[in-house]
Amino acid sequence: MHTEDVLKATRTGLWRWDSATGASTVDVRTAQLLGVPFRRWRAENGEERPLTVAGPTSEAPSETPYEAPYETAGTAAGTWGEPGAGAGPRPWEETMTLPEPSIRSRIHFSDYVDLTATATLALAEWTLVEAVLRIVDENGDVVRSVRTRMMPVEEEGALSLIGTIAEIPESAAEEPPSEESQTQSREAFLLYTGRALAEARTTAEVLRIAGSLVIPGLKPRALAVWSLERGGLVLVGPLAQRPVPQHLLPFMEMSVESDHPAAAVVRTGRPVYLPSPDDYRREFPAAWPQVVLVGNKGWAFLPLVISKRTLGAWMVAFAEPIDFTPEHRSLLTNLARMLAQALSRTSMHEMELQLSSGLQRTLRPTRKPGMEGMKLAARYMPSGGGMEVGGDWYDVIPLPAGRTALVIGDVQGHDVRAAGIMAQLRIALRAYAAEGHRPDAVLARASRYLAGIGRPEVMTGGAEEEPQQRQQRREAYGEDTSDDERFATCLYMEADPVAGTLDIARAGHPDPAIWLADGTMLIRATAGGLPLGIDPGTEYPTTRLLLEPGETLLACTDGLIEVGGHTMETGWRRIQAVFREQSQRGKGTPNDLEEFAEALVQSAVRPLSGEAAGPLADRREDDVALLLLTPDPAYAAERAVAAAGVSRRTTFTVAQAEPDRIGEARHQLQNMLFDWESEDQIDGAVLMLSEMLTNVLVHTEGDAVMVAECSGARGNRLLRVEVSDTSDALPHRRTPGELASSGRGLMMMEMLAGSWGVDPRGEGKSIWFEMRENVSAPAWA
């Protein structure tokens with residue numbers, strides 16, 4: 001005996017329900033028991049096509065349908081579907097997929113609500129689903145009762161329920177529906193629709209639900225939503241009709257003053273019920289010639305209003321004329337209110353997300369970060385709730401002499417104010433780094449800056465503000481944010497790709513982690529101070545780390561560590577698991593930093609296989625920012641060779657009181673270039689050095705320090721000359737007259753040097769030039 005024979009003999013159908021989409025895959029027997037009409041059709045070449053749902057949206061040609069009637073339990077077993085018994089369908093061989101609205105329209109709504117709740121619980125607890133369902137016809141009248149039994153299954157990560165369905169003999173299906181049953185159906189429908197709209201997160205989801213409503217006691221043929229935008233009505237639903245059908249084009253955009261029921265509803269705020277075409281033609285004669293082409297025979301237009309604000313209009317159209325009873329009007333009014341609330345909520349949420357995403361884009365680096373000599377990957381992921389803005393950030397700042405500053409930090413809070421403070425702090429850190437300060441000085445200045453936001457006495461050193469003064473300022477300027485003081489954690493690293501060193505200053509931030517070449521992960525302890533903004537006088541010691549070729553450094557915010565409710569200790573253990581997982585693929589070190597960064601981000605979104613929730617699982621989700629850094633072996637080797645190739649180096653100091661030593665500096669540079677092949681280049685270098693030293697003595701009050709280096713093989717050597725001083729004043733271009741005795745220094749540098757520049761230092765600046773042997777300067781080319 002085969003399973004198919006048992007199913008056929010017991011009049012039992014098969015039913016598979018997809019939990020993700022709500023769609024059901026059923027055989028012919030189940031479709032009959034549910035009362036879903038279907039059709040069989042053949043192509044012109046005689047090829048048989050799969051079964052499809054019968055109806056106006058069916059793709060099957062209407063001239064070749066096969067619609068099987070419902071077979072009652074008393075029908076002889078051999079008269080339908082037997083092999084060889086005609087062209088009828090075989091229920092044990094063929095299946096069809098039914099969308100969720102098709103199933104929902106054939107089950108009593110209170111039973112459907114109970115079924116979905118039981119199915120959700122069964123999927124969560126992996127238990128059996130048993131339910132008795134009342135099957136209704138197109139008018140909502142009960143025609144039979146069925147019993148279904150289903151069990152959860154998982155295939156390729158998708159959860160489904162699969163089981164059987166059979167009719168309950170001698171049911172009370174033939175009894176006329178009672179008023180109580182209809183009331184229960186309407187209440188269950190409102191409960192189900194309200195829950196679906198409350199769970200919708202986007203306007204598109206709300207419109208999809210609004211376009212697939214199966215209203216008990218009513219048989220809508222079409223549903224549409226108009227949105228009030230900039231003084232006009234725009235048809236926004238149903239979403240599925242793209243491209244827009246020709247008969248709907250006149251209604252895509254309408255003026256609020258137009259002669260159309262939707263416009264009238266928006267103008268007056270009152271619903272419009274049109275039971276028949278005669279009513280429509282009499283009330284809205286201008287719109288009728290275009291409406292008659294659609295083919296509807298009854299209409300209900302209701303305003304979408306929330307808090308006395310009109311959002312648009314909702315239309316429910318019917319295939320036949322209809323008398324709108326008080327129960328119908330009450331049901332439609334309640335639906336319109338729920339729809340308006342859902343649209344208002346989701347549109348506001350989408351506006352906030354658009355604002356927050358735009359804000360985050362402007363606050364993060366606009367281009368993919370990169371640095372010469374090291375490979376770098378960075379990621380930022382906002383928190384999962386609210387406006388998705390926060391205070392986490394990262395930054396990559398180019399510094400003089402091939403160095404790069406890497407910054408990662410976290411401002412306290414997950415709101416717009418935290419994002420605003422983060423933007424100010426990021427700009428301040430960039431400014432302090434560009435001035436050439438060391439990591440400890442950068443963080444000390446940033447802490448003082450953050451502490452002074454809203455507290456000018458911190459910056460000026462004056463007395464603290466009195467309560468009376470604070471109250472006066474609050475009354476004068478509105479909301480006072482001085483009491484909302486924030487702090488920030490930060491990790492500032494200055495990387496030297498030539499030496500492979502990292503000078504790190506830390507302000508209350510988690511320590512970095514190093515992934516060694518053999519796949520071991522170590523958390524590198526670094527000296528640190530208080531978070532920024534707590535104590536303006538805090539000092540931040542510097543720790544130097546050596547990053548060897550093959551090693552990778554991870555710097556991250558606490559959001560990556562504590563995701564899922566982990567503590568710092570358990571969070572580092574779960575990150576270590578990601579390291580191990582990556583090391584198994586990359587044989588110790590990650591070949592692709594971008595892939596590794598993505599793995600870390602995905603581990604924060606989806607837990608690792610077998611990972612349990614942390615001890616603080618109810619903690620609010622935090623932002624995540626991370627930086628990955630590894631030396632470029634080729635660059636390090638190249639720069640090491642270049643550094644080893646420095647054949648000559650000389651230094652010389654010219655004090656303010658000894659201007660005659662400028663001549664000695666010129667002679668020292670000439671002697672170092674005794675075998676330089678281009679005499680013109682030697683003269684140009686000496687002239688530029690003399691100009692740089694003279695400018696220091698004339699325009700500053702400190703001494704000038706010269707450093708000259710010559711490197712490379714003869715005939716292709718590189719000369720670099722650098723003059724530094726303790727003044728922060730930068731040179732600027734001037735336009736001297738014909739008889740002026742000064743102001744031509746920068747013009748001379750541009751003409752004679754192969755390249756030149758000015759690098760700010762923590763205390764002062766350095767101006768430099770370079771020229772390559774036997775290579776003409778740009779002005780000479």
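The values are calculated or read from the model by the stated rules, or taken from the named source; none is laboratory data. Source: prediction; values computed, not measured. Ideal geometry is used to build each Cβ from the backbone, glycine not excepted, and the neighbour counts take in all protein chains shown.
Of note:
- Test result for Gly519, outside any strand (DSSP E or B), of a type outside the set (Asp, Glu) and at positive phi: yes
- Residue match in region 362-384 (condition: assigned to a helix (DSSP H, G or I), modelled with pLDDT under 80 and out of contact with any strand residue (DSSP E or B) (no Cβ under 9 Å at 6 or more places or on another chain)): yes
- Residue within region 207-228 that is basic (Lys, Arg) and more than 34 Å from the chain's Cα centre (by Cα) present: yes
- Annotation: of all residues in region 1-43 being modelled with pLDDT of 80 or more and charged (D, E, K, R), the one that is surrounded by the most Cβ atoms within 10 Å (Cβ to Cβ) is Arg29.
- For region 392-431, the candidate set comprises residues that are touching a Ser or Thr at 6+ places or on another chain (Cβ under 9 Å) and part of a helix (DSSP H, G or I); within that set, the residue that is surrounded by the most Cβ atoms within 10 Å (Cβ to Cβ) is Ala419.
So that you can scan it fast, the table gives a plain yes or no per residue for (1) closer than 22 Å to Ile209 by Cα; (2) part of a helix (DSSP H, G or I); (3) touching a residue at least 60 places away in the same chain (Cβ under 8 Å):
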{"site": "Ala263", "(1), (2), (3)": "no, yes, no"}
{"site": "Arg267", "(1), (2), (3)": "no, yes, no"}
{"site": "Ala286", "(1), (2), (3)": "no, no, no"}
{"site": "Val305", "(1), (2), (3)": "yes, no, no"}
{"site": "Leu311", "(1), (2), (3)": "yes, no, yes"}
{"site": "Trp314", "(1), (2), (3)": "yes, no, yes"}
{"site": "Ile322", "(1), (2), (3)": "no, no, yes"}
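- Filter result for the condition that a residue is basic (Lys, Arg), within 23 Å of the chain's Cα centre (by Cα) and within 23 Å of Gly370 (Cα to Cα), over Arg438, Arg426: Arg426
- Screening Leu626 against (1) modelled with pLDDT of 80 or more; (2) in contact with a Pro (Cβ under 9 Å, 6 or more places away or on another chain) leaves a single unmet condition, (2).
- Which numbered condition Leu359 misses (of (1) part of a helix (DSSP H, G or I); (2) at pLDDT 80 or above; (3) touching a helix residue (DSSP H, G or I) at 6+ places or on another chain (Cβ under 7 Å); (4) not polar (S, T, N, Q)): (2)
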